[in-house]
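The values are calculated or read from the model by the stated rules, or taken from the named source; none is laboratory data. What you are looking at is a predicted structure, and each value in this text was computed from that prediction instead of being measured. Don't worry about glycine lacking a Cβ; one is built from the backbone with ideal geometry, like all the others, and counts go over all protein chains shown.
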Amino acid sequence: MSKTLVAYFSASGTTARVAREIARATGADLYEIAPRVAYSAADLDWNDSTSRTSLERADDAARPELLSALPNTEDYDTVFVGFPVWWYVEPRIVDTFIEGVDLAGKTVVPFATSGGSGISGAERRMHGLRPDAEWKPGKLLNGANAAAWALTVL
């Protein structure tokens with residue numbers, strides 16, 4: 001029997017709603033990739049080059065600390081990883097998760113929400129971080145049909 005995990009980071013709640021929809025449809029467990037220090041509105045101001053998220057994006061090695069322990073992925077066959085697209089890539093806190101769990105040989109499926117950026121830059125970056133995972137093509141899921149899409153992936 002295949003077991004699925006939906007891990008997600010959500011700054012505003014949009015990605016969280018999509019993650020819950022995917023988890024309900026697939027019977028997956030949920031794990032929130034939450035920062036130890038929550039992002040404030042000022043931290044999320046992408047127009048401010050000195051905001052926390054702007055500084056993290058500029059530092060390829062940035063790995064924000066997580067609020068809770070990473071899940072044990074040993075028993076999972078498939079891991080969906082969800083996030084908002086920031087500057088055409090995933091937030092660095094998602095990299096903290098990707099590098100911190102065992103994804104070797106697991107099917108990993110990215111999904112994202114975005115106001116205008118695509119997911120392809122994030123996919124390339126994440127593949128480079130974990131080439132030992134079996135990556136499936138991701139999808140930008142801003143609205144409905146997240147559940148239907150997730151079921152086609154499994």
Residue hits (the stretch 9-24; in contact (Cβ under 8 Å) with a residue 60 or more places away in the chain, out of contact with any Pro (no Cβ under 9 Å at 6 or more places or on another chain) and buried (at least 17 other Cβ atoms within 10 Å of the Cβ)) are Val18, Ala19, Glu21, Ile22
Of (1) closer than 15 Å to Val6 by Cα; (2) within 14 Å of the chain's Cα centre (by Cα); (3) exposed (fewer than 14 other Cβ atoms within 10 Å of the Cβ), Pro110 fails just (3)
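Residues are listed down the side, and each one gets a yes or a no for (1) in contact with a His (Cβ under 7 Å, 6 or more places away or on another chain); (2) in a loop (DSSP other than H, G, I, E, B); (3) without any contact (Cβ under 8 Å) to a residue 12 or more places away in the chain:
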residue	(1), (2), (3)
Ala61	no, yes, yes
Val79	no, no, no
Thr96	no, no, no
Leu103	no, yes, no
**Asked** If you check Gly116 against the conditions, is it out of contact with any Lys or Arg (no Cβ under 9 Å at 6 or more places or on another chain), at pLDDT 95 or above, surrounded by fewer than 24 Cβ atoms within 10 Å (Cβ to Cβ) and farther than 23 Å from Leu67 by Cβ?
**Response** no
query: Are any of the residues in the stretch 31-42 surrounded by 14 or more Cβ atoms within 10 Å (Cβ to Cβ), modelled with pLDDT of 95 or more and polar (S, T, N, Q)?
result: no
The condition of being farther than 14 Å from Leu129 by Cα and either modelled with pLDDT under 95 or surrounded by 15 or more Cβ atoms within 10 Å (Cβ to Cβ) (or both) holds, among Phe83, Phe97, only for Phe83
Consider Ala61 carefully, then state whether it is surrounded by fewer than 16 Cβ atoms within 10 Å (Cβ to Cβ) and either in contact with a strand residue (DSSP E or B) (Cβ under 6 Å, 6 or more places away or on another chain) or more than 18 Å from Ala147 (Cα to Cα) (or both). yes
- Message: Would you confirm, using the coordinates I've provided, whether Thr78 is within 17 Å of Val6 (Cα to Cα), polar (S, T, N, Q) and either in contact with a Cys (Cβ under 6 Å, 6 or more places away or on another chain) or surrounded by 13 or more Cβ atoms within 10 Å (Cβ to Cβ) (or both)?
- Response: yes
